[in-house]
Amino acid sequence: MKKPMNVNPVQWTEAVGYARQTCARIYRGGGKPLEALKLFGVNTRTVRTGDWDQAIETIAMSLCGSTR
């Protein structure tokens, strides 16, 4: 996972930490990455992932207001 150049490093670190913590709770409850994305309001029609790392990165980007 690489920090986007247009995002403040402190904001990115906090967003990734928050996304990881939330995804861990969803994972422990038997949830899927798409459920985590929906929880954060990410448009799951444009993002398809079964990978937790990609879900965490996408959530962190949405928290930072950054889009790809």
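How many residues are open to solvent by less than 70 Å² (accessible area, probe 1.4 Å) and either within 24 Å of M5 (Cα to Cα) or touching a helix residue (DSSP H, G or I) at 6+ places or on another chain (Cβ under 7 Å) (or both) if we restrict to segment 21-49?
So the count comes out to 12.
Within segment 18-30, identify whether any single residue is under 10 Å from the mean Cα position of the chain (by Cα) and hydrophobic (A, V, I, L, M, F, W, C), and answer yes or no.
Within segment 18-30 (the criterion being under 10 Å from the mean Cα position of the chain (by Cα) and hydrophobic (A, V, I, L, M, F, W, C)), the answer is yes, since at least one residue qualifies.
Return the residues of segment 53-68 that are assigned to a helix (DSSP H, G or I) and either exposed (fewer than 15 other Cβ atoms within 10 Å of the Cβ) or in contact (Cβ under 8 Å) with a residue 40 or more places away in the chain (or both); say none if nothing qualifies.
Looking only at segment 53-68, we keep the residues that are assigned to a helix (DSSP H, G or I), and these are 53-64.
Selection gives D53, I56, E57, I59, A60, M61, L63, C64.
Confirm whether E14 is open to solvent by less than 80 Å² (accessible area, probe 1.4 Å), at pLDDT 90 or above and among the charged types (D, E, K, R). Break it down into steps so the answer makes sense when it comes.
Details: open to solvent by less than 80 Å² (accessible area, probe 1.4 Å): no; at pLDDT 90 or above: yes; among the charged types (D, E, K, R): yes.
So E14 fails the test.
So which of G31, G50 is at pLDDT 90 or above, part of a loop (DSSP other than H, G, I, E, B) and small (G, A, S)? Steps first, answer last, please.
Working: G50 fails: at pLDDT 90 or above.
After ruling out the rest, the residue left standing is G31.
The values are calculated or read from the model by the stated rules, or taken from the named source; none is laboratory data. Quick caveat: nothing in here was measured; it's all calculated off a predicted structure. Here the Cβ is made from the backbone with ideal geometry for all residues, glycine too, and neighbour counts use every protein chain on show. We work out accessible area using only protein heavy atoms, side chains counted, and drop any ligands, DNA or RNA first. Shrake-Rupley method; radii C 1.70, N 1.55, O 1.52, S 1.80 Å.
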